[in-house]
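The values are calculated or read from the model by the stated rules, or taken from the named source; none is laboratory data. Fair warning: this is a prediction, and the values are worked out from it, not measured in the lab. Cβ sites come from the backbone with ideal geometry, for glycine too, and all protein chains shown count toward neighbours. For the accessible areas, the whole protein counts, side chains as well, though only heavy atoms, and no ligand, DNA or RNA atoms are used. Shrake-Rupley method; radii C 1.70, N 1.55, O 1.52, S 1.80 Å.
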Amino acid sequence: MKRVAGFRIVRACSAVIALLAGGASWPVPAWSDEAVPAIEIDATGSGTPFRHSWEQAFGSDRADMALTESYLRNADRTREATGFRYVRFHGIFDDTMGIMAPDADGHMHYNFRKVDAVYDGLLAHHIRPLVELSFMPSAIGSDVLRRDGGLEPLVHWKADEQAKPITDYSGGTLWYRANVTFPAHMADWNALIRAFVAHLEQRYGAEEVRQWPFEVWNEPDQATWVAQPKMATYFALYDNTARTIKAVDPALRVGGPATGAIHWVGDFVDHVMREHVPVDFVSTHIYANDPPDLLRLPKSPANTGNTVCDATRTARRAIDRSGHPDLPLYITEFGADWDIHNGSADRPWIAPWIAQTVHDCDGLAPIMSYWTFSDDFEEQGVVANELPGAYGLLTTHGIPKPAFNAFALLHRLGNRRLPAGSGDGDVLATRREDGVIAVALWNRDADRARDAHLAFRGLASVEGATVIVIDRNHGTPAALFEAMGRPVSPTRQQADALIAAARLPAPSPAVDCRRARQCDVRLAPESLALLLVPAQPK
């Protein structure tokens, strides 16, 4: 791991290390008598704006999930911890939402009752939708089999078998068989968009709906779009959708291309500008384990080695090169891992990874939507185990994972960023509105502990400073879950005990902040700490 100027290793006996780590032990790092300068945090000025872009929105599975009790309970828990404003999910037009059906004469009718239930529920919980317009209702899609309800005349699958009716819906994707085809007739899609948006404004009011970004589709470069050629057909869908939305209300916000791995960003911006298609934001997705040959990130002196932020920076540059630097970039999905089976949100390394990403992505995008806030998630089927579960910050029973506690901790940072030395790679210093200096520090090393040495400029004292730590033994249910025998579906009593065990630790006195303006903070392997220095008397 790269060492950052300003950190020094302090000799400490193993007994003290074990005590500070709550009983854990790890190899004591080698140390040197050579003095290493402290990280100087300059609190003399007001700092620079530090927008909490990483907690503006969170992702979730599909619209149906928003009707479950556990989803809404976890949404409340996440909003309390992060103050997030928007949630994004797939499938507001899925067949299970029941929004379209032809009558006996072949005329299409709309039924938005279930859509209303989803949005009513979110708004009642003080959360707005970041509306992903997906997927294709089978009644108007180009899959003839699905459009006709899956019923076709008898056919012979094999020459030596009896004829059977076709009831195969395998033209869809994801576990719930989303229809990802092009519309059979674009006029039908446009009519749906027009009716949908008009209905939303009639029900919720134009001023409210104007605060909902409308994103056209989800990852058309991936398996959730089967029309060919992919880019050209998606652009046709986007053009029709954006123009239809603006025809209903020019003040509504619409954007795309919502691609994976920052694909098509430059092509999309070039297209909408050349064809004079409305666009209010550009959106794309990025995961830390996206393969390099998929991303093809150019080398840049600004790159940090953080895939999510380097890719976000590349997408931002592609927009800027188009001559429209005023177009905002929304990262409508990001995360450490796109593989649901890896259980990244449950692992201790995720907390310092999230902190590093918040640090490196600062100022690149006004909205970055982490995937996802809850394990109410069925893209690959019903989740088989409580932990590690799926991508969620919280399990279906509401048990916090280290990722949840990392977001909760970082939420306590201020909205003004303070200078923190010339190499502030593992530290984020901020000032809050209440005058408290909040400093996040982390250690991504899996094997070695270290001490961060901080010196504050512009403070009279650091007396009364407190620290909160997330590591392998604090802010995680792992130990108790193992002791319980890893229950697949915990009882309510077990879930309550796990929730208590995983709770974010309370602030404790920062015992190494005794000198006038200096603090040492012990960072265990794979840990995240938040140091809070009280506001200074005026």
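Sketch the reach of a paramagnetic label on residue 202 as a point 7 Å from Cα along Cα-to-Cβ, and name the residues of segment 101-118 whose backbone nitrogen lies under 17 Å away. Correct set: 101, 108-117. Divide the volume of the convex hull around the Cα atoms of segment 277-341 by the residue count and you get 107 Å³ per residue. Using a Förster distance of 41 angstrom, determine the FRET efficiency expected from the C-beta separation of residue 251 and residue 535, and round it to 0.05. Working from the Cβ atoms, E equals 0.50. Classify segment 380-504 as rounded, prolate or oblate from the Cα gyration tensor: take a ≥ b ≥ c as the square roots of its eigenvalues, call it rounded if a/c is under 1.5, otherwise prolate when a/b beats b/c and oblate if not. The shape class here is prolate.
Spread over its residues, the convex hull of the C-alpha atoms of segment 192-305 is 137 Å³ per residue. Between segment 192-224 and segment 111-135, the C-alpha centres lie 10 angstrom from each other.
Mean silhouette area of segment 354-398, derived from the convex hull of its C-alpha atoms and averaged over all directions, reads 4.0 nm².
Normalised by 2.2 N^0.38 Å, where N counts its residues, the alpha-carbon radius of gyration of segment 431-538 equals 1.32. Measuring from centroid to centroid over Cα atoms, what is the spacing of segment 473-538 and segment 400-458 in Å? The two parts, judged by their Cα centres, are 15 Å apart. Between residue 210 and residue 339, full extension at 0.36 nm per residue minus the direct alpha carbon distance yields a gain of 43.0 nm. Computed over protein heavy atoms with a 1.4 Å probe, the carbon and sulfur contribution to the accessible area of the chain reaches 53%. Contact order for segment 373-448, expressed relative to its length and based on alpha carbon pairs under 8 Å spaced 6+ residues apart, stands at 19 percent. Taking 7 Å steps out from each Cα toward its Cβ at residue 466 and residue 289 produces label points 3.6 nm apart. Amide H contacts of residue 367: 331, each under 5 Å away and 5 or more positions distant or on a separate chain (H built 1.01 Å from N in the peptide plane; Pro and chain starts excluded). Of the two radii for segment 330-412, the radius of gyration is 0.96 times the Kirkwood radius, both from the alpha carbons; that is the Rg over Rh value. Residues of segment 240-262 falling in the label zone of residue 321, defined by backbone nitrogen less than 19 Å from a point 7 Å along Cα to beta-carbon, are 257-262.
Based on the Kirkwood radius over alpha-carbon pairs, what value in µm²/s does the Stokes-Einstein equation return for the translational diffusion coefficient of the chain at 4 °C and 1.567 mPa s? It comes out at roughly 52 µm²/s. Surface exposure of the chain, expressed per residue as accessible area with a 1.4 Å probe, stands at 42 Å².
Net length available on complete extension from residue 448 to residue 508 is 19.3 nm, with 0.36 nm assigned per residue and the Cα-Cα distance removed. Once you have a ≥ b ≥ c as the square roots of the Cα gyration tensor eigenvalues for segment 44-106, tell me rounded if a/c is under 1.5, and otherwise prolate or oblate according to whether a/b is larger than b/c. Prolate, since a/c reaches 1.5 and a/b exceeds b/c.
Among DSSP beta bridges whose residues both lie in the chain, state the antiparallel percentage, nearest 5. Here the share of antiparallel DSSP bridges comes out near 55 percent.
For the modelled label position 7 Å from the Cα of residue 304 along Cα-to-Cβ, which residues of segment 398-435 have backbone nitrogen atoms closer than 15 Å? Correct set: 410, 417-430. The relative contact order of the chain comes to 18 percent, based on Cα pairs under 8 Å that sit 6 or more residues apart. Each Cα pair of segment 273-400 feeds into the Kirkwood radius, which the Stokes-Einstein equation turns, at 25 °C and 0.890 mPa s, into a diffusion coefficient of 153 µm²/s.
Computed extension length for residue 379-residue 187: 66.2 nm, one decimal, from 0.36 nm per residue of separation with the Cα-Cα distance subtracted. The amide H of residue 40, built 1.01 Å from its N in the peptide plane, has 421, 455 as neighbours under 5 Å, considering only residues 5 or more places off or on other chains.
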